[in-house]
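Scroll down for the structure; my scribbles are underneath it.
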Amino acid sequence: MNDSTHDVVTDSRESLVVLTDDGELLHTLRAIATDHDISTVGAEADLATHLLNDHAGVAVLDTDSVTTPINQLCDRLKSQFPDLVLVVAGRQEDQGLLTAQITRGTVYRFLHKPVSEQRVRLFVTAAWRRHGVEHAEVLEATATNLRKPVWSTPKAPPKNMLWIGGAAALVLIVGAIFLFSGGDEGQGDVVSVDAPVTTPGTVDQELENLLKRADEAMRRAALVTPPGDNAAELYRLAIRRNSTDPRGQAGLDRVLDRVLTAAEQALLQDKIDDAARYVETARSINPEHVRVAFLTAQIGKERERALLTQARMAAARGNVDQAIAVLDRASLAGTSANVVAEARNDIAQRNIDSRVNDFLRRANDRLRAGALIEPAQNNARFFIESARAIAPNQGDVRRAQRQLNDRLVAQARSAITAGNADEADKWIAAAGDSGVSQSDITALTRDVQRVRIAARADAMAKLSSSFNQRLAQGRLVDPAGDSAKFYLTELAKAEATHPSTQLARQALGARMLEEARGAITRQDYAAARRWMSEAKEIGIDESGTAALERDIVAAQNARAVRAPDDDVVSAVSALMLTRSVKPTYPEGALRRGTEGWVDLVFTVRTDGTIADVSVTGAEPAGIFEQSAMSAVRRWRYEPVRKDGRLVEQRARLRLRFTIEK
């Protein structure tokens, strides 16, 4: 095959260049490479042109399509295109020729043929990620005047029939930490209110030692061994020592992530037993972790794939007995001794047709039971694939495959009808792996997308209805989990820019500002400021809250002006306090480390009690006012006398809220 074809290559993004005349490999790559253009090359002589003109980022080389020795070709490509990631596809016996190139990274991965869509997807995804790293390194080298080599077309060497390939996937979990602080200062007479100390006066040295040892074990990569001196055990001891300190759990999470990442790497390198050991270690740390369940399923699938590959290779060499024995060991695992004995008798008969019929019978049993793809090595797909390994062209086997495909598609459609998009995705993926046509997969995927859109619209409608009900009932902020504010928050989480969310925010903000103005009319300035803070929190425009702030200040100033001489506001330092109550430091402010102050004006009655308490200023607004007013109302002063008679006296003070350092 000397001509070449293109699959929609544009100059705006990098492409996947494939040198092959293997239709099955090319079909698989086209099915999974949806994020990049594919440029197919039929002859090695055309490879240079495609690499240069098609903005190649990843290249897949099929050894059946190369004429240059594959190791020499890979070395030359890598030297001339440093950021090109090479994946080589070939048979098991071809891999040894590329040992040096794989070891030093010239060849990123080796992909055994025949390929499976699942493994190609993993390998190609990882190759693109690797290309991103190598491309950044090449850009850095270019910035230091390193010249990119120029391709030179080699002379045609002897043809070398090799197959090579590979690709891998890595998972990166990134975390973020938020820091919050606040505070300000005021003027006038000040009474300080110190928050209670929330942390012990002395450091828990035993806890710190445990965390330090655990961190050191992490650096040594002593994750779960040796006993008594590994990171997992030490972080557990730290959690047991102080379950409220987040460092212990964070450390244990890092240990779990490293173990699971090691399992994924081992799985991609076909080290199934190593991957299984890592997963069991992770299970001992957190058996409910979603990645543990996922990798357990993947390991089962890889064992199943390896067994099928082993059986196919044995059958291809003409050793049908060995193929049957391999499949029986897998399919009969965990069954009764009588079934095992019966299978051994069948094997002894060495009758291919009977074995195929046996696999198909078991496949039909699994189909009737609904066990289409699970559990591993005991499902309809596995038994049908087992029959195909022995007799791939037999009519009954092909009919069984079509029956399985129809059932998988039916399961996907049933999940779509039920509105279960995630379940539908699972069955669509299984149908694709089983060979269902791409047109059917595309149609199913489109239907799932419609289900998700409808579900999202239904959820938004329900949230909007609940919001409107609470707004009409006047339940604006309470209770916390069933108020208009709560449902607005849920709407924003679902889709912040949706018209329903925007309308709800405007309606709730208007009601909050209305409540604030009502509080001003009642001279309850603390409540007015609380409503103003609530409006700010949900994102109301600052112009509305700024006008409200001016109204609060104006109303407070007007109320503070009293004409009679006996009503002149006095500094609180001129009065004698006979009883005080310490204000309660708001829990939320204490947790966030927020400090501030509140300016108050109040009346000392002729009996020394307090009346007409109002807030004239606060920073930050809406945090400390209620606590300050509640405390001052319970204070008592020595009654004020003027000209020998008891009189009421207006007074002012500033309460400062600070956290003891």
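When peptides 535-545, 376-386 are sorted by average Cβ neighbour count within 10 Å, with the highest value leading, the order is 376-386, 535-545.
The mean accessible area for residues of segment 420-493, using a 1.4 Å probe and ignoring ligands and nucleic acids, is 52 Å² per residue.
One Cα centroid belongs to segment 258-320, the other to segment 585-655; the line between them spans 69 Å. Surface composition of segment 390-478: carbon plus sulfur atoms hold 49% of the accessible area, using a 1.4 angstrom probe and ignoring ligands, DNA and RNA. Size of segment 350-475 from its Cα atoms: along the principal axes, largest to smallest, the extents are 81, 27, 17 Å.
Multiply the residue separation of residue 357 and residue 522 by 0.36 nm, subtract the distance between their alpha-carbon atoms, and state the gained length in nm to one decimal.
50.6 nm
The values are calculated or read from the model by the stated rules, or taken from the named source; none is laboratory data. This structure is a prediction, so every number in the text was calculated from the model and none was measured. So basically every Cβ, Gly included, is an ideal-geometry build from the backbone, and we count neighbours across all protein chains shown. Protein only, heavy atoms only, side chains kept; ligands, DNA and RNA dropped before computing areas. Shrake-Rupley method; radii C 1.70, N 1.55, O 1.52, S 1.80 Å.
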